[in-house]
6 protein chains.
Amino acid sequence: MSWLPTLATETPEQGFELAIKLSRMAVKATQPDDAIRSELRAEYERDADSLTRASQVVATNFQTIAAANNYWS
Amino acid sequence: MSWLPTLATETPEQGFELAIKLSRMAVKATQPDDAIRSELRAEYERDADSLTRASQVVATNFQTIAAANNYWS
Amino acid sequence: MSWLPTLATETPEQGFELAIKLSRMAVKATQPDDAIRSELRAEYERDADSLTRASQVVATNFQTIAAANNYWS
Amino acid sequence: MSWLPTLATETPEQGFELAIKLSRMAVKATQPDDAIRSELRAEYERDADSLTRASQVVATNFQTIAAANNYWS
Amino acid sequence: MSWLPTLATETPEQGFELAIKLSRMAVKATQPDDAIRSELRAEYERDADSLTRASQVVATNFQTIAAANNYWS
Amino acid sequence: MSWLPTLATETPEQGFELAIKLSRMAVKATQPDDAIRSELRAEYERDADSLTRASQVVATNFQTIAAANNYWS
């Protein structure tokens, strides 16, 4: 089964979670090794700028998801 | 109850506050520990570039919120 | 009274000024202390990359404002 | 045959893969040497911020692909 | 007279020039001193990443200008 | 003759090439000296983060070009 069968979600909160998932799947596409990603995560989750950069990616993906769901209007 | 039941807000100012909330919730998703986030905050709130980066995330989220509210027209 | 009662402006130039204001208000939300922001400003206003980053935030906010005003057509 | 005959994909997941491809083709346009790109990849795939930056590019390209496919609605 | 009376331009090339102008005016809003901006320019115009960042701002502003002109269709 | 007579292209691939061209023309507007740009290019084409940043600019410009061509639908 696809990890991304649809961009549709029932609620904005689920859409936000999907945006986070998209952000992580793009990282995984570049670095597929789970152990290495865990190591890196230990570092950047204690770096404010790294967290802000991650938040920027989520914001960009959330734009896409929100548009796909017609902003859950 | 959901922390994000809707993207609709009554006013642009409330929409801006929601954009700030989205930005922070994405950080929280990566770093859920409140104490660590507080420490990091103490650092980056005195770093001009960190503040600009944070402002960039808010701007991106505000685009989404503003579109969702049809720009409060 | 709200600092952001509307995204509508009479002219593109006023819209650009509003985009600058949004950029600054997001910084203020993270660092509310006026004295600290003034100090930081003294630094980053002499750093080319900091100025470019600030210009990026304004560009993002101007997209929102311009769309809200139907590009002043 | 073109490497980019269309932006249309059958599924969101294929669209995400196309977004990754676009991100890499832009890098290739600047650095066409396969050996050098492999070397660089070895570095940045172990750098959290580099991975986040790459994820940002994918997110931006995915916006385009998703819009092109009317969000696969 | 306003420095930004309209977002409309006759041609895409003029639109691109306007995007450059917007990028610079945002910098000027933060650093109004012409002499300091000239100094900074001397630095960053020899720094590849600085130039790329500047190009990013222009790209963002060009999105706005192009939309405002209905892509000169 | 204009270097940017239109945003219309016949194919997505040509649109991608135009996005690359826009990215470079913005750099050229800031640093018009061909020799200096060549030097800088020699550096950043061996820096993974520089290449990713360049890819980000292309992605942003490609959004504009793709929208201008109604996604070549």
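The values are calculated or read from the model by the stated rules, or taken from the named source; none is laboratory data. Because the structure is a prediction, the values reported are computed rather than measured. Cβ coordinates were reconstructed from backbone atoms using ideal geometry, including for glycine residues, and neighbour counts include every protein chain displayed.
Of the residues making up segment B:52-73, those that are within 10 Å of C:VAL57 (Cβ to Cβ) and of a type in the set (A, V, I, L, M, F, W, C) are B:ALA54, B:VAL57, B:VAL58, B:ALA59. Summed over segment A:42-54, residues that are at pLDDT 95 or above, part of a helix (DSSP H, G or I) and at the interface with chain D (Cβ under 10 Å from one of its Cβ atoms) total 6.
All conditions in (1) more than 7 Å from every other protein chain (Cβ to nearest Cβ); (2) under 26 Å from D:LEU18 (Cβ atoms); (3) part of a loop (DSSP other than H, G, I, E, B) hold for A:GLU10, with the sole exception of (2). Among the residues of segment B:21-65, those identified as under 13 Å from the mean Cα position of the chain (by Cα) and small (Gly, Ala, Ser) are B:SER23, B:ALA26, B:ALA29, B:ALA54, B:SER55, B:ALA59. Entry remark, segment F:8-32: residues being over 20 Å from F:ASN69 (Cα atoms) and among the polar types (S, T, N, Q) number 2 in total. Can you confirm whether C:ALA66 is of a type in the set (A, V, I, L, M, F, W, C), assigned to a helix (DSSP H, G or I) and more than 10 Å from chain B (Cβ to nearest Cβ)? Spelling it out, C:ALA66 is indeed of a type in the set (A, V, I, L, M, F, W, C), assigned to a helix (DSSP H, G or I) and more than 10 Å from chain B (Cβ to nearest Cβ).
Table: residues versus (1) free of Cβ contacts under 8 Å to residues at least 12 places away in the same chain; (2) closer than 25 Å to D:LEU7 by Cα.
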{"residue": "F:LEU18", "(1), (2)": "no, yes"}
{"residue": "F:ALA26", "(1), (2)": "no, no"}
{"residue": "F:GLU39", "(1), (2)": "yes, no"}
{"residue": "F:ALA42", "(1), (2)": "yes, no"}
{"residue": "F:THR52", "(1), (2)": "yes, yes"}
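Select from segment F:25-36 the residues that are more than 8 Å from chain E (Cβ to nearest Cβ) and part of a helix (DSSP H, G or I) and list them in ascending order. Walk me through it before giving the result.
First, pick out the residues of segment F:25-36 that are more than 8 Å from chain E (Cβ to nearest Cβ): F:28, F:32-35.
Within segment F:25-36, F:LYS28, F:ASP34, F:ALA35 meet the criteria.
May I ask you to verify whether C:ILE20 is surrounded by 15 or more Cβ atoms within 10 Å (Cβ to Cβ) and either among the hydroxyl-bearing types (Ser, Thr, Tyr) or assigned to a helix (DSSP H, G or I) (or both)?
Spelling it out, C:ILE20 is indeed surrounded by 15 or more Cβ atoms within 10 Å (Cβ to Cβ) and either among the hydroxyl-bearing types (Ser, Thr, Tyr) or assigned to a helix (DSSP H, G or I) (or both).
If you go through segment B:25-32 one residue at a time, do you hit one that is surrounded by fewer than 17 Cβ atoms within 10 Å (Cβ to Cβ) and out of contact with any Phe, Trp or Tyr (no Cβ under 7 Å at 6 or more places or on another chain)?
Going through segment B:25-32, the residues surrounded by fewer than 17 Cβ atoms within 10 Å (Cβ to Cβ) turn out to be B:28, B:32.
Filter once more, so that each one left must be out of contact with any Phe, Trp or Tyr (no Cβ under 7 Å at 6 or more places or on another chain): B:28, B:32.
Yes; the residues of segment B:25-32 include at least one that is surrounded by fewer than 17 Cβ atoms within 10 Å (Cβ to Cβ) and out of contact with any Phe, Trp or Tyr (no Cβ under 7 Å at 6 or more places or on another chain).
Within segment A:10-29, the only residue that satisfies the criterion of being within 10 Å of A:ASN61 (Cβ to Cβ) and either at pLDDT below 95 or hydroxyl-bearing (Ser, Thr, Tyr) (or both) is A:SER23. The single condition among (1) facing another protein chain (nearest Cβ under 7 Å); (2) out of contact with any Ser or Thr (no Cβ under 6 Å at 6 or more places or on another chain); (3) assigned to a helix (DSSP H, G or I); (4) at pLDDT 95 or above that B:LEU4 does not satisfy is (3).
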